[in-house]
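Undergrad: Just dropping this structure here.
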Amino acid sequence: MPTCVVLGSGTSNGVPMLGVEYPDAFLANPKNWRTRCSICLLGPTGNFLVDCAPELRIQMARERIYDVEATLITHTHADHVMGMDDLRSLCVKSGKDMPVYAWPRYQEDIRRIYPYAFAAAPPGLEVPRYDLRDLPPVIAVGGMQVETLEVVHGKIPVVAIRVGGFAYVTDVSEIPQPAWDRLQGLETLILDAVRIKRHPNHFNLEQALDVASRLSAKKTYLTHLSHDYDHEFTNQSLPKGIELAWDGLRIEF
Ligand SMILES: [Zn+2]
């Protein structure tokens, strides 16, 4: 069965955040340690990486994931692309350029951030190589059919995905009607709920709970989480069928 591995469930700062002192009780729960937000879909014939968090290498080693068939970049905010250099090892291992799916505006950012991945390199020098590809409505990867949807994150578009009864919607403040229609009848939804207070670019907890109840997936996991959330304490107060995601969560679909 295909499986979604939550590589990271944290907001852009990560949790614990640099420069903040936390109570020992908060730090004692490993589920309160959140790396930056990304997932990897383990398909029948290959793995599909969605976003490259700054901790990509650590996340993949932790989850014992050794190969990636293709990568999707949902948008180019730092927390979603700053691990792309780590793809270098996989390019060297496979001897192939890494297919990277992204909208053209985000392909431009990737070329600007990683110019050396596209420049001629002296023999023997190891650099990542990205085979940038536009987003089709459906990506066939790893023996899965990954449907690509468009949601809104503040003022910019972000890719959400649906595979069978599973959907992943990170970095979202608005779900336009076409995507909304495609998010009906889900078994499992992973949804952005960045923090308790309102946020201009993300659903906060109240908005995420409202969206989750209206989409009514059988199970909803909240992700892109800040340190507002103590894992156990928050879960006790969430409605039935909704809970916080955590780093290392695995969902079969
Ligand atoms: Zn973002």
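The values are calculated or read from the model by the stated rules, or taken from the named source; none is laboratory data. Note that the structure is a prediction, hence the values are computed from the model and not measured. Every residue, glycine as well, gets a Cβ built from its backbone with ideal geometry; the counts of neighbours run over all protein chains shown.
Undergrad: Would you point out which residue out of 105, 162 is touching a helix residue (DSSP H, G or I) at 6+ places or on another chain (Cβ under 9 Å) and basic (Lys, Arg)?
TA: 162
Undergrad: Considering every residue within region 73-83, establish whether at least one is of a type outside the set (A, V, I, L, M) and over 14 Å from the mean Cα position of the chain (by Cα).
TA: Within region 73-83, none of the residues are of a type outside the set (A, V, I, L, M) and over 14 Å from the mean Cα position of the chain (by Cα).
Undergrad: OK, next. Can you name every residue in region 136-160 that is away from the ligand (no atom under 16 Å from the Cβ) and either touching a residue at least 60 places away in the same chain (Cβ under 8 Å) or of a type in the set (Val, Ile, Thr) (or both)?
TA: 138, 139, 141, 142, 143, 144, 146, 148
Undergrad: While we're looking at this one, here's another question. From the list 195, 214, which one is under 20 Å from residue 36 (Cα atoms) and surrounded by fewer than 21 Cβ atoms within 10 Å (Cβ to Cβ)?
TA: Answer to the selection: 195.
Undergrad: Report, ordered by the first and then the second residue, all pairs with beta carbons closer than 6 Å, sequence separation of six or more or different chains, a first member in region 77-90 that is more than 16 Å from the ligand (Cβ to nearest atom), and a second member that is β-branched (Val, Ile, Thr).
TA: Pairs that qualify, where the first residue is more than 16 Å from the ligand (Cβ to nearest atom) and the partner is β-branched (Val, Ile, Thr), are 90/68.
Undergrad: Scan region 216-253 for residues that are under 20 Å from the mean Cα position of the chain (by Cα) and on the phi < 0 side of the Ramachandran plot and report the count.
TA: Matching residues across region 216-253 total 23.
Undergrad: Please note which strands (runs of 3 or more DSSP E) are completely contained in region 1-102 and include at least 1 residues that are modelled with pLDDT of 95 or more and among the hydroxyl-bearing types (Ser, Thr, Tyr).
TA: Fully inside region 1-102 and qualifying: 3-8, 38-42, 70-72, 98-101.
Undergrad: Still on this structure, please answer the following. Considering only region 174-227, state which residues are in contact with a Phe, Trp or Tyr (Cβ under 9 Å, 6 or more places away or on another chain), of a type in the set (Ser, Thr, Tyr) and away from the ligand (no atom under 16 Å from the Cβ).
TA: Passing the criteria: 188, 221.
Undergrad: Still on this structure: If a residue must be closer than 13 Å to residue 57 by Cα and in contact with a Lys or Arg (Cβ under 7 Å, 6 or more places away or on another chain), how many such residues does region 84-95 contain?
TA: Counting residues in region 84-95 that are closer than 13 Å to residue 57 by Cα and in contact with a Lys or Arg (Cβ under 7 Å, 6 or more places away or on another chain) gives 1.
Undergrad: What pairs come out if I take residues in region 108-119 that are of a type outside the set (Gly, Ala, Ser) and pair them with residues that are crowded, with 16+ Cβ neighbours inside 10 Å and not in a helix (DSSP H, G or I) whose C-beta lies under 6 Å away, six or more apart or interchain?
TA: 109/76; 116/127
Undergrad: If you don't mind, another one. For residue 205, indicate whether it is crowded, with 18+ Cβ neighbours inside 10 Å and touching a helix residue (DSSP H, G or I) at 6+ places or on another chain (Cβ under 9 Å).
TA: The answer is yes for residue 205.
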